[in-house]
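Chemist: First the structure, which I've put down as structure tokens, then a few questions once you've had a look.
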Amino acid sequence: MSPLMLSVAFALALAASTLVKLWLSSRQIRHVAAHRGQVPAAFAGSVTLSAHQKAADYTIARARFGLLSLAFNAALLLGWTLLGGLHALNGWVLDASQALPADWQAMGYQLGLVAAFLLIGGLLDLPWELWSTFRIEQAFGFNRMTLRLYAADMAKGLVVGLLLGLPILAIILWLMDAAGPRWWLWAAGLWMGFQLLVMVLYPTLIAPLFNKFEPLADPALKARVEHLMARCGFAAKGLFVMDGSRRSAHGNAYFSGFGPAKRVVFFDTLLAKLNGGEVEAVLAHELGHFKHKHITKRIALAFAMSLAGFALLGWLAQQPAFYLGLGVQPSLSAPNDALALLLFMLAGPVFGFFVTPLASHFSRRDEFQADAYARAQASGADLSSALLKLHEDNAGTLTPDPVYARFYYSHPPAAERLAALAS
């Protein structure tokens, strides 16, 4: 592999992925706009024209915003890599690290490089997040977050990221330097263990920093949910209601935790919109994922991909062409491990984008299986009713472009899900 070959391959992959994304988003906008004026026949008796048009307008607004964000991110990625942005940042951090004590220079330089890259990336991304939250979400009545709460969340997220991220990053960088040619095996094992630890700690230590969790107080609903869980052979550490309404009008329900630390969490917005039977059906759908071991399989797949990713990084980090082909001159006087890690993070998603439709396909298959399980354990009619309410309240379009949906949708379009439940 020569630097020129990698540069050309990366440029072509970036151009191809960007063009495909633009084409798909344009299809979505045109298709939703073309069907905005009439509620699909299958939903004519259950969805109003105004709700259908709101969903269309929301989908189009987010898609158009996504086009601008896509162009910006593609240009930014090109700037970081082939145009020399990361090379310039690396040189600046390397020079600044010379002021550190000699024993701290190597690790200080590498941690500083990653921190500087993430800080700059976060600042560049901030205007887009603010516009999405306080313009688009606000315009359609979904945002309930104040600037003060947004800033508090960002500060808490930064602290949590530093407390958890810096130690694991430092250990991985140390392994890359000290554990020999098979360092990636140790790093992959460490990363997998870290992810499992976070899954255990998240429900009780991390999530409460951002939201309030109260035990489910409705005795009738609690009894109904507990009976469903017993019927399905599922045990959880508690049933909780989260104050999602502080930030958004969108509703959801989920499981968090791992092993004995699992919790069932309902957004307060969800409980405000659904009746007892519909809540039971939504929970039965989530239980279907556990019954079919979808969660376990996804964790196993994530671990396998982590192992493969670290193995590939272990090889690439030894190839001078990897750095030169992506616009960076590796250092001869300092370790290049952090540089290799950042380049891998930048280039990997560009090439990985093309497996998106395959991942989406298997995710939709899992959703159909979970729906079938929910229909067997609860009420298919209640699940259909809940899905319709959630689509309407979340302004999910009922008329997505079929090609766009096949490529991106992790959940089947509403018409397909409801047809499968009715069959």
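Chemist: List, in order, the whole-Hz ³J(HN,Hα) value for each residue of the stretch 76-86 obtained from phi through the Karplus relation with A = 6.51, B = -1.76, C = 1.60 and θ = phi - 60°; use x for Gly and Pro.
Modeler: Values per residue, Gly and Pro as x: 5, 5, 4, x, 5, 9, 5, 8, x, x, 5 Hz.
Chemist: Let me ask you something else. Along Cα→Cβ, 7 Å out, is where each label goes; now give me the distance between the ones at residue 159 and residue 351 in nm to one decimal.
Modeler: 4.0 nm
Chemist: Turning to a different aspect of this structure: Give the separation of the Cα centroids, the stretch 46-88 to the stretch 379-395, in Å.
Modeler: 27 Å
Chemist: Next question. Among 304, 162, 3, whose Cα lies farthest out toward the positive end of the dipole of the chain, if unit charges sit on the beta carbon of Lys, Arg (+1) and Asp, Glu (-1)?
Modeler: 304
Chemist: 7 Å from Cα along Cα→Cβ at both residue 41 and residue 205: what's the point-to-point distance in nm?
Modeler: Reported label-point gap for residue 41 and residue 205 is 5.7 nm.
Chemist: Can you tell me the Rg and the Dmax, both Å, for the Cα atoms in the stretch 278-331?
Modeler: Rg, Dmax (Cα atoms, Å): 20.3, 60.
Chemist: Which residue, chosen from 321, 171, 414, occupies the Cα position most advanced towards the positive end of the dipole of the chain, where the dipole is computed from +1 (Lys, Arg) and -1 (Asp, Glu) charges on Cβ about the Cα centre?
Modeler: So the residue we want is 414.
Chemist: Between 205, 197, 49, where does the largest GNM mean-square fluctuation fall for the chain, given springs only between Cα atoms within less than 10 Å?
Modeler: Result for the chain, Cα springs under 10 Å: 205 fluctuates most.
Chemist: Moving on. Here are a few candidate values for Kirkwood radius over Cα pairs in Å: (i) 24.2; (ii) 22.7; (iii) 21.9. Which one was actually calculated from the structure I just gave you?
Modeler: Looking at Kirkwood radius over Cα pairs in Å for this model, the match is (i).
Chemist: 5 Å is the cut-off here: which amide hydrogens, built 1.01 Å from N in the peptide plane, fall below it relative to residue 241, excluding neighbours closer than 5 in sequence?
Modeler: 214, 216, 266
Chemist: Relative to the longest principal Cα axis of the chain, at what angle does helix 3-34 sit, 0 to 90 degrees, rounded to 10?
Modeler: 20 degrees
Chemist: Place the peptides 139-148, 87-96, 214-223, 282-291 in order of packing, highest mean first, counting for every residue the other Cβ atoms within 10 Å and averaging per peptide.
Modeler: Top of the packing list down: 282-291, 87-96, 139-148, 214-223.
Chemist: What do you get for the angle between helix 294-316 and the principal long axis of the chain? Use alpha-carbon atoms, 0 to 90 degrees, nearest ten.
Modeler: 20 degrees
Chemist: Under a crude label model (7 Å from the Cα following the beta-carbon direction), how far is residue 195 from residue 48 in nanometres?
Modeler: The modelled label-to-label distance comes out at 4.5 nm.
Chemist: Rounded, prolate or oblate, given the Cα gyration tensor of the stretch 170-232, with a/c below 1.5 counting as rounded? It would help to have the intermediate numbers written out before the result.
Modeler: On the way: a/c = 9.46, a/b = 2.70, b/c = 3.50.
Because a/c hits 1.5 or more and a/b fails to exceed b/c, the stretch 170-232 counts as oblate.
Chemist: Given +1 on the Cβ of Lys and Arg, -1 on the Cβ of Asp and Glu, and no further charges, what dipole in debye does the stretch 376-423 carry about its Cα centre, rounded to the nearest 20? The partial results should precede the final answer.
Modeler: Working: 3 positive and 5 negative charges, 23 e Å.
Its charge dipole is roughly 100 debye.
Chemist: What does the helix-only formula give at 222 nm for the chain: each DSSP H stretch with n ≥ 4 adding -39500 (n - 2.57), the total divided by the residues, and the result rounded to the nearest 500 deg cm²/dmol? Please report the intermediate quantities before stating the final value.
Modeler: On the way: 16 runs with 289 residues, N = 423.
Helix-only estimate at 222 nm: -23000 deg cm²/dmol.
Chemist: Continuing with the same structure: If the chain between residue 11 and residue 234 were fully stretched, how many nm would it gain, using 0.36 nm times the residue separation less the Cα-Cα distance?
Modeler: Details: separation 223, 0.36 × 223 = 80.28 nm, distance 4.88 nm.
The span from residue 11 to residue 234 would gain 75.4 nm if fully extended.
Throughout, read-outs are computed from the coordinates displayed, never taken from laboratory work. All values derive from a computational prediction rather than experimental measurement. Positions of Cβ are generated from backbone atoms using ideal geometry, with glycine treated the same way; all protein chains shown enter the neighbour counts.
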